[in-house]
Amino acid sequence: MKKRGLCLMMAGIMVLGLTACAGKQESPATGQKGAQEGTTARQFEENTGAASEEGTGLKDTLTIALPVEPATLDPFEHSNQNGFICTTLITEPLIKKTDDGELIPWLAESWEFTDDTTLKIKLKSGVTFHDGSAMSAEDVRFTLCKLAESSFSKALFGSIDVENTKAVGDDTVEVKLLYPYAPLLEAFTTARAGIISETIYTDMGAEAFARQPVGTGPMKFKQWVTGDRIEFEAYENYWGEKPAFENFVARVIVEGSSRTIELETGGVDIAFELAPADWQRISDNPKTQLISGNTRGISYLCLNNSLEPVKGNLKLRQAMAYGLDMTNLVQAAWQGTADVATSYYAENIMGHKAEGPFPYDPEKAKALLAEAGYPEGIDLKYMTYESAINQAFAEVLQNMWGKIGIRLSVEFLDLATFTEKNNAGEITMALMTNTAALNDPDPALIAWPGYRTISLRHGDDHIDELLEKGKSTYDEEERIETYQKLQDYLWENLYTIPIAYPRGAFGARANVANLPFYPDLTPDLTRIQFTE
């Protein structure tokens, strides 16, 4: 098998140009230096197209509509994009990425790989947290170690060697890796990787920080009115260029049609998770715009494999799969804004292998159900939270499974309770959607590591072995072979049932500029500009 260098790995697999605005990032294996100088926020806008000649300067308030209230704004305690959408204004990463895939220094002034498992990061000077304290190398070390240890972020940052990663003085961090990890630099660009203060986080405690986060970003926390809105205001001592607005409001508007109406009437500037039926309406309205595209996500029926009767009963799981008319199910729930899933991650990610979908065969499903020990059928419980897609999916699921003898009861929970139960492994089964933060198989399979506490809980060591093998080499061909073997194995064991590859869309007022489509569904709101 042909062995490729790390430089090829980063250019080919990560699909990134590693030329920063003032220097060039080369292969870690060569030991050469990365970006040598930092960049200002204005330079970032120029490199990404965020600066607009039509911009009208400051707008008093940017108002967005979220479909659900975030359960937390602590980046170490959730994986819900609604929270990350907000915190792109509060916390900042070490590196940002342009629309063309270039890595640009942000809170990092420069970086250098001295070997495959050692990365030195020099930090930008003059950066302060919202309490006025200076960002230090110790804060960055603390953040990276938290990311490596949290079950929510370990899939991206678990390669970091917590014991040996250290601060070198006030402005340099030496990051040691347990194994080579090709997507590391791109992982640093994600909203999850915002740098926080060790002192502030420790003094506040995780529970308080979750409701009142503190970072280095251009906006600082103002207030959270439970069930209604979250408010930020400008941070007066921000190190970079100010955003094009002085205040930020995230309104919680659960009903999809209400979010659309608020967008159309100017009650909000941007609306997220639009009802599929409203996409064309928003696109046709001269006062609004639809920003849409293919995501890197997969929606799947998550089965809790630690609970009876699913636990250890492959024939029952197969009966569930053959009892679903995937084409009609996806059409009914997503209304033409998703494709039927053919494997365990999206087709636009390296190494995807089409395994299915399962053909709709209700007679085979009934036979499998009987072989599983339930010739008279079975009562199962499904759990979810309110959204148009979730409700439609649950209704169709009930109907289709009812025809083969699976009698499904549906329990609707609020998102906070759903999140809490999911983290505790108490969700019996539910529709879950994972959207890869990076264009790489490893984050695309974020739900699968055995250490995750979510309700999948497959308990299969072979899955972890293949995951470890896939992410710990820089050889592209070897990675593809490993991930295709993994997809074969997952399809054979059916711990979850792949359902759909959703497309995504944001709705915005016509005067909102510099809001490109983000495949991870977490736009960088600091880039927003406004036109006449």
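With contacts defined as alpha carbon pairs under 8 Å and 6 or more residues apart, what's the relative contact order of the chain in percent?
This gives 20 percent for the chain.
I'd like the carbon and sulfur percentage of the solvent accessible area for the chain, probe radius 1.4 Å, heavy atoms only, ligands and nucleic acids excluded.
Roughly 45 percent of what the probe reaches on the chain is carbon or sulfur.
Run the simple label-point estimate for Ala510 and Asp284 please: 7 Å along Cα→C-beta, distance reported in nm.
1.6
If you count, for each residue, the other Cβ atoms within 10 Å and average over each peptide, how do 178-187, 438-447, 281-290 line up from highest to lowest?
Highest mean packing first, the order is 438-447, 178-187, 281-290.
Could you check the spin-label model distance between Tyr451 and Ser409? Points 7 Å from the Cα along Cα→Cβ, value in nm.
With each label placed 7 Å out from Cα toward Cβ, I get 3.7 nm.
Relative to the longest principal axis of the C-alpha atoms of the chain, give the angle of the C-alpha long axis of helix 476-493, reported between 0 and 90° and rounded to the nearest 10°.
Long axis of 476-493 versus the principal axis of the chain: about 30 degrees.
Taking a cut-off of 14 Å between Cα atoms, list the aspartates and glutamates near Lys364, but don't count ones fewer than 8 places away on the same chain.
Reachable aspartates and glutamates: Asp325.
What whole-number distance in Å separates the alpha-carbon centres of the range 244-263 and the range 270-342?
23
Once you sort the root eigenvalues of the Cα gyration tensor of the range 223-332 as a ≥ b ≥ c, which label holds: rounded (a/c under 1.5), prolate (a/b larger than b/c) or oblate (the other case)? Walk me through the numbers on the way to the answer.
On the way: a/c = 2.82, a/b = 1.78, b/c = 1.58.
Note, shape of the range 223-332 comes out prolate.
What do you get for GluC sites (Glu not before Pro) in the range 115-174 restricted to DSSP loop and a cutoff of at most 15 other Cβ within 10 Å of the site's Cβ?
Working: sites: Glu138, Glu149, Glu163, Glu174; in loops: Glu163.
When the GluC sites (Glu not before Pro) of the range 115-174 are filtered for loop state and at most 15 Cβ neighbours within 10 Å, Glu163 remain.
If you place +1 on the Cβ of every Lys and Arg and -1 on the Cβ of every Asp and Glu, how big does the dipole about the Cα centre of the chain come out, in debye to the nearest 20?
Working: 47 positive and 77 negative charges, 127 e Å.
Magnitude of the dipole: close to 620 debye.
Between rounded, prolate and oblate, where does the range 398-531 land on the alpha carbon gyration tensor, with a ≥ b ≥ c its root eigenvalues, rounded for a/c under 1.5, else prolate if a/b exceeds b/c?
It comes out oblate by the Cα gyration axes.
Using +1 at the C-beta of Lys and Arg and -1 at the C-beta of Asp and Glu, which of Leu178, Gly215, Gly240 has the Cα lying farthest in the positive direction of the dipole of the range 171-278?
Going by the Cα projections, it comes out as Leu178.
Figure the gain on full extension for Ser306 and Glu481 (residue separation times 0.36 nm, minus the Cα-Cα span) and round it to one decimal in nm.
Taking Ser306 through Glu481 to full extension adds about 60.1 nm, to one decimal.
Please quote Rg/Rh for the range 105-230 to two decimal places, taking the Kirkwood radius as Rh and restricting both calculations to Cα atoms. Could the numbers behind the result be given before it?
Working: Rg = 15.0 Å, Rh = 15.3 Å.
Over the Cα atoms of the range 105-230, Rg/Rh equals 0.98.
In degrees between 0 and 90, to the nearest 10, how far off the longest principal axis of the chain does helix 388-402 point, with axes built from Cα atoms?
20
Once you sort the root eigenvalues of the Cα gyration tensor of the range 356-432 as a ≥ b ≥ c, which label holds: rounded (a/c under 1.5), prolate (a/b larger than b/c) or oblate (the other case)?
prolate
Can you give the extra length, in nm with one decimal, that the chain gains between Gln331 and Leu178 once fully stretched, where that is 0.36 nm per residue apart less the Cα-Cα distance?
Working: separation 153, 0.36 × 153 = 55.08 nm, distance 4.40 nm.
Value of the extension gain: 50.7 nm.
Find which of Ser306, Met400, Trp334 sits farthest along the positive direction of the dipole of the range 274-409, computed with +1 on the beta-carbon of Lys and Arg, -1 on that of Asp and Glu, about the Cα centre.
Ser306
Treat each spin label as a single point 7 Å out from the Cα along the C-beta direction, and report the Asn399 to Asn237 distance in nm.
Going from the Asn399 label point to the Asn237 one covers 6.0 nm.
Work out how much length Asp171 to Glu246 would gain on full extension: take 0.36 nm times their residue separation and subtract the Cα-Cα distance, in nm to one decimal.
24.0 nm
Can you tell me the FRET efficiency between Glu376 and Ala206 if r is taken as the Cβ-Cβ distance and R0 is 56 Å, rounded to the nearest 0.05? Kindly include the intermediate steps, with their values, before the conclusion.
On the way: r = 48 Å, r/R0 = 0.85.
Working from the Cβ atoms, E equals 0.70.
With a cut-off of 8 Å between alpha carbons and a minimum separation of six or more residues, what is the relative contact order of the range 421-515 in percent? Walk me through the numbers on the way to the answer.
Details: 67 pairs, mean separation 18.7, N = 95.
About 20 percent, as a whole number.
Past the 19 Å Cα-Cα mark, which pairs from Lys124/Lys166; Lys311/Lys469; Lys381/Lys421; Lys97/Lys146; Lys124/Lys146?
The answer is Lys311/Lys469; Lys97/Lys146; Lys124/Lys146.
To the nearest 10 degrees, how steep is helix 137-149 against the longest Cα principal axis of the chain, on a 0 to 90 scale?
Computed tilt is about 10 degrees.
Near Ser387, within a Cβ-to-Cβ distance under 12 Å, what is the net charge of the other residues, with Lys and Arg +1 and Asp and Glu -1?
Spelling it out: positives minus negatives among the neighbours equals -3.
If you average the alpha carbon positions of the range 409-457 and of the range 74-110, how far apart do those two centres end up, in angstrom?
Computed from Cα coordinates, the inter-centre distance equals 22 Å.
Taking a probe of 1.4 Å, how large is the accessible area per residue of the chain, in Å²?
37
The values are calculated or read from the model by the stated rules, or taken from the named source; none is laboratory data. Note that this is a predicted model, so its numbers are computed, not measured. Cβ sites come from the backbone with ideal geometry, for glycine too, and all protein chains shown count toward neighbours. Areas reflect the complete protein model, heavy atoms only, side chains present, ligands, DNA and RNA absent. Shrake-Rupley method; radii C 1.70, N 1.55, O 1.52, S 1.80 Å.
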